[in-house]
Amino acid sequence: MKVLNEGKKWSIKHYCLGIGTNGGGCGAVLEVEAEDIYAIPILKDEETPDFMYSKQDFCYTFKCPCCNIETDINASKLPTTVKRRALQNLRVSVKEIRLDVNGRMYL
């Protein structure tokens, strides 16, 4: 089959900020494509009136080519197809990422 006119690839412009607040990113403005995004597991602390527990969730992230710092992307900004592809490329982060019940991230 011959491609006459290739369709536009999905991409998003994003700053390199690192993961969480004070993530240590370099601040570069990057055009991130679907192939650059992968998922890393995170642990979320949840609580009920009786006990507190942790559950696994996923963080969608990319690695900055300038500083090699991982930056997370809000999942609501990603199309479902990009999220599925990122989950297929699941990686283990160098850091263990946890979210407490107030949404504060710590490593």
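Descriptive notes on the structure:
- Applying the criterion of being touching a strand residue (DSSP E or B) at 6+ places or on another chain (Cβ under 6 Å) and part of a helix (DSSP H, G or I) to the residues of the stretch 57-95, the residue that is farthest from W10 (Cα to Cα) is L87.
- Filtering the stretch 1-41 to residues that are open to solvent by 60 Å² or more (accessible area, probe 1.4 Å) and touching a His at 6+ places or on another chain (Cβ under 7 Å) leaves nothing.
- Top-ranked residue of the stretch 1-28 - restricted to ones that are more than 17 Å from N68 (Cβ to Cβ) and of a type in the set (V, I, T), ranked as modelled with the highest pLDDT: I12
- Scanning the stretch 37-56 for residues that are among the hydrophobic types (A, V, I, L, M, F, W, C) and in a strand (DSSP E or B) turns up A39, I40, I42, L43, M52.
- Restricting the stretch 42-62 to residues that are among the hydrophobic types (A, V, I, L, M, F, W, C) and either in contact (Cβ under 8 Å) with a residue 40 or more places away in the chain or surrounded by 20 or more Cβ atoms within 10 Å (Cβ to Cβ) (or both), the residue that is farthest from R84 (Cα to Cα): M52
The values are calculated or read from the model by the stated rules, or taken from the named source; none is laboratory data. All figures in this text were calculated on a predicted structure; none of them were measured in a lab. Cβ coordinates were reconstructed from backbone atoms using ideal geometry, including for glycine residues, and neighbour counts include every protein chain displayed. Only protein heavy atoms, including side chains, enter the accessible area calculation; ligands, DNA and RNA are left aside. Shrake-Rupley method; radii C 1.70, N 1.55, O 1.52, S 1.80 Å.
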